[in-house]
Amino acid sequence: MDTNGRVVVGYDGSREAGQAVRWAAHHAQARRCGLHLVHCSLWPEVADAANPVTGGADPATKHSAETIVAEGVATIREVAPGLELTTSLVYGWPAENLRKLSSRAALLVVGSRGMGGFMGLLVGSVSLELAATAVCPVAVIRQPGQPGGPVMVGISNEYWEGVVGQAALFASVMGAALRIVHVIGRAESQSPKHVAAARETLASAVRSVGNTWPELRIEELLLTGVSVAGTLLAAADHAQMVVVGSSARGTILASIGSSAHAVLHHAGCPVLVIRQVTGQTLGS
């Protein structure tokens, strides 16, 4: 099914996935685009591994999967009754199926089923894998953001155009201010050359956003900190979304990067991950 230009949301019936579905419905409505609800059932893989000879469909399992899809649809209709909605019940591993769908989507939305507690694994493995490998931007909804708060984006001196462009698009859709943050280390802050380069990067980002989205209110912050992630998280206070970039190498930790990884686990609002590709331009 063609999902080009639509928001795709994964739903497994959990409370966390329900939060993602509600967020996706609100966003698709604000974006004036369709929403594609996807439920991935693992039954064929589990059944084939347990009994590769017999196989065959399990009516009870299929009915349970269809019930989950119906629950997701009911949630979306409650949030956005008039939204254009399509659904898919697919079989196989969720990360693999959703990654394939991401190639034809404007945005992929997932919840998070991290373990929490002492280990601090607040973002589940499926969300992390998709953040590293999906073709389109991925919104990970671990907890709701601050209504009316800004959309905050962290940038570096390289390849910031695509990340800032997506952040500006989200801010425009949400009717929010855009907070652009550049973090430099303590040692760099003592170098006039590094500070000047950082200020020029911020100024370039502000000019580019202003040229494309002149209606946006823009906040720019040049911050100094020992930890990039920790400084970004502190600056994200009262934000309704944090936008971070990752590289495009396709392996989970290497692709996301340590700062984006930490933001995903600890941000107090939804996190949008943009895979950065050399040569991206503003709004791409």
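The values are calculated or read from the model by the stated rules, or taken from the named source; none is laboratory data. Please read all numbers here as calculations on a predicted model, not as lab measurements. Ideal geometry is used to build each Cβ from the backbone, glycine not excepted, and the neighbour counts take in all protein chains shown. Areas reflect the complete protein model, heavy atoms only, side chains present, ligands, DNA and RNA absent. Shrake-Rupley method; radii C 1.70, N 1.55, O 1.52, S 1.80 Å.
Below, the figures for the structure above:
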| quantity | calculated |
| --- | --- |
| Extreme residue, most open to solvent (accessible area, probe 1.4 Å), among residues of the stretch 82-97 that are assigned to a loop (DSSP other than H, G, I, E, B) and modelled with pLDDT under 95 | Trp93 |
| Residue in the stretch 195-218 that is in a strand (DSSP E or B) and either touching a residue at least 12 places away in the same chain (Cβ under 8 Å) or open to solvent by less than 60 Å² (accessible area, probe 1.4 Å) (or both) present | yes |
| Close pairs from the stretch 260-277: first of a type in the set (Gly, Ala, Ser) and open to solvent by less than 30 Å² (accessible area, probe 1.4 Å), partner modelled with pLDDT of 85 or more and in a loop (DSSP other than H, G, I, E, B), Cβ under 7 Å, at least 6 apart | Ala267/Ala236 |
| Some residue of the stretch 220-234 being without any contact (Cβ under 8 Å) to a residue 24 or more places away in the chain, of a type in the set (A, V, I, L, M, F, W, C), surrounded by fewer than 22 Cβ atoms within 10 Å (Cβ to Cβ) and not in a helix (DSSP H, G or I) | no |
| Sole residue being among the small types (Gly, Ala, Ser), at pLDDT below 90 and open to solvent by less than 60 Å² (accessible area, probe 1.4 Å), chosen from Gly10, Gly34, Gly55 | Gly55 |
| Residue among Arg179, Arg77 that is modelled with pLDDT of 95 or more, basic (Lys, Arg), more than 29 Å from Leu42 (Cα to Cα) and not in a loop (DSSP other than H, G, I, E, B) | Arg179 |
| Exclusive hit being in contact (Cβ under 8 Å) with a residue 24 or more places away in the chain and within 16 Å of the chain's Cα centre (by Cα), set Gly72, Gly92, Gly111 | Gly111 |
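Rundown of residues vs (1) surrounded by 18 or more Cβ atoms within 10 Å (Cβ to Cβ); (2) closer than 23 Å to Ser88 by Cα; (3) of a type in the set (D, E, K, R); (4) modelled with pLDDT of 85 or more, yes/no style:
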{"position": "Leu108", "(1), (2), (3), (4)": "yes, yes, no, yes"}
{"position": "Gly111", "(1), (2), (3), (4)": "yes, yes, no, yes"}
{"position": "Gly116", "(1), (2), (3), (4)": "no, no, no, no"}
{"position": "Met119", "(1), (2), (3), (4)": "no, no, no, no"}
{"position": "Ala134", "(1), (2), (3), (4)": "yes, yes, no, yes"}
{"position": "Pro144", "(1), (2), (3), (4)": "no, no, no, no"}
{"position": "Pro147", "(1), (2), (3), (4)": "no, no, no, yes"}
